[in-house]
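Chemist: I am attaching a structure below and will ask some questions about it afterwards.
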Amino acid sequence: MKRVLLTLMLCFVVTAFSQNKAVFESTARIKPDKPTVYLSYVCQNEKKIYLRMNNNTVWHIGVGAEKLYFPTKKPIQLGNGNKGYAIPNDEEVLVHYYIEKDELENIKKIKIPSKELYYQGGGGRIASQDSILFAVPIEHLRKGLKIYVEFSYEWEMTQSGDMRNEPEHRVYFRGGDIGSANTEIKPTACQK
């Protein structure tokens, strides 16, 4: 009897959690067929690949950048009651990104290119339902490598703006996806 009761309680908890997760995702995600935060390919030239970091949530998200985006022409209201500014979506942003070996590619001896270290202090927020444009050198996204950008959700911020002790969120883009038949991302030259 105890086993039956324990099994029923476990099934109830799992079912309740699944339903709550579905409700949460349906109210937080703007476009149901897209991830909540994702990087999308825009175009490339001889030296750079241009990507967009897309915010497909009802919240504003924070991202590190070389410049502090304060103030801008896009004021936003944060969930903690503070007012802030969103990074403009019509200019190239020097986003803090990191390079890793892509374990999905079977390239044994790939060297991760070196890049300058970041100094914290810059950055801003990507408004809900918005995106920002940034570029990475082509050698940072060649086949066998991937990049990621760290971000935070506005609801993780305290009233004073503190973000300590919160989980780290990352969004990835794989170099091997460009030109892959699996992703349908075709290398496209940037228009001037």
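Every read-out reported here was derived from the displayed coordinates using simple, explicitly stated rules and does not represent laboratory data. Every value quoted in this text rests on a predicted model; they were computed, and no experiment measured them. Methodologically, a virtual Cβ is constructed for each residue, glycine included, from the backbone with ideal geometry; neighbour enumeration extends over all protein chains shown.
Chemist: Check which residues have an amide H placed less than 5 Å from LEU145's amide H, if you skip close sequence neighbours.
Modeler: Residues meeting the amide H criterion: ASP102, GLY175, GLY176.
Chemist: To make sure I understand the rule: partners must be lysines, Cα under 30 Å from the Cα of LYS34, and not fewer than 8 residues away in the same chain. Which ones qualify?
Modeler: LYS21, LYS47, LYS48, LYS67, LYS73, LYS74, LYS83, LYS101, LYS143, LYS146, LYS186, LYS192
Chemist: Follow-up. Using a basic spin-label model with each label point 7 Å from the Cα along Cα→Cβ, how many nm lie between GLU116 and ARG52?
Modeler: Each label point lies 7 Å from its Cα, and together they span 2.7 nm.
Chemist: Next question, about the same structure. Stokes-Einstein diffusion coefficient for region 32-97 at 4 °C in a medium of 1.567 mPa s, Rh from the Kirkwood formula over Cα pairs: what value in µm²/s?
Modeler: 95
Chemist: Taking the number of other C-beta atoms within 10 Å as the exposure measure, put VAL149, VAL58, VAL95 in order starting with the fewest.
Modeler: VAL58, VAL149, VAL95
Chemist: Based on the alpha-carbon set only, what is the convex hull volume of region 91-192 divided per residue, in Å³?
Modeler: About 162 Å³ per residue, rounded to a whole number.
Chemist: List, in order, the whole-Hz ³J(HN,Hα) value for each residue of region 50-64 obtained from phi through the Karplus relation with A = 6.51, B = -1.76, C = 1.60 and θ = phi - 60°; use x for Gly and Pro.
Modeler: The phi angles translate into 9, 10, 10, 9, 9, 9, 9, 10, 7, 9, 7, 10, x, 9, x Hz.
Chemist: Taking 0.36 nm per residue of sequence separation and subtracting the Cα-Cα distance, how much length would be gained by fully extending the chain between LYS143 and THR27, in nm to one decimal? Could you put the intermediate results ahead of the total?
Modeler: Values: separation 116, 0.36 × 116 = 41.76 nm, distance 3.62 nm.
Extra length from LYS143 to THR27 when fully extended: 38.1 nm.
Chemist: Arranged by the count of other C-beta atoms within 10 angstrom, fewest first, what order do TRP59, TRP155 take?
Modeler: Values: TRP59 20, TRP155 12.
Listing TRP59, TRP155 from fewest to most nearby Cβ atoms yields TRP155, TRP59.
Chemist: Kindly put ILE99, ILE138, ILE132 in sequence by how many other C-beta atoms sit within 10 Å of each C-beta, fewest to most.
Modeler: Starting with the residue having the fewest Cβ neighbours, the order is ILE138, ILE99, ILE132.
Chemist: Taking amide H atoms as placed 1.01 Å from N in the peptide plane, list the residues 5 or more away in sequence, or in a different chain, whose amide H sits under 5 Å from that of ILE185.
Modeler: Under 5 Å from the amide H of ILE185 lie the amide H atoms of GLY179, SER180, each far enough along the sequence or on another chain.
Chemist: Which length gain, in nm to one decimal place, applies between ARG170 and ASN82 when the Cα-Cα distance is subtracted from 0.36 nm times their residue separation?
Modeler: 29.2 nm
Chemist: Considering only DSSP states other than H, G, I, E and B, which GluC sites (Glu not before Pro) in region 127-192 qualify as loop sites with at most 16 other Cβ atoms within 10 Å?
Modeler: GLU168, GLU184
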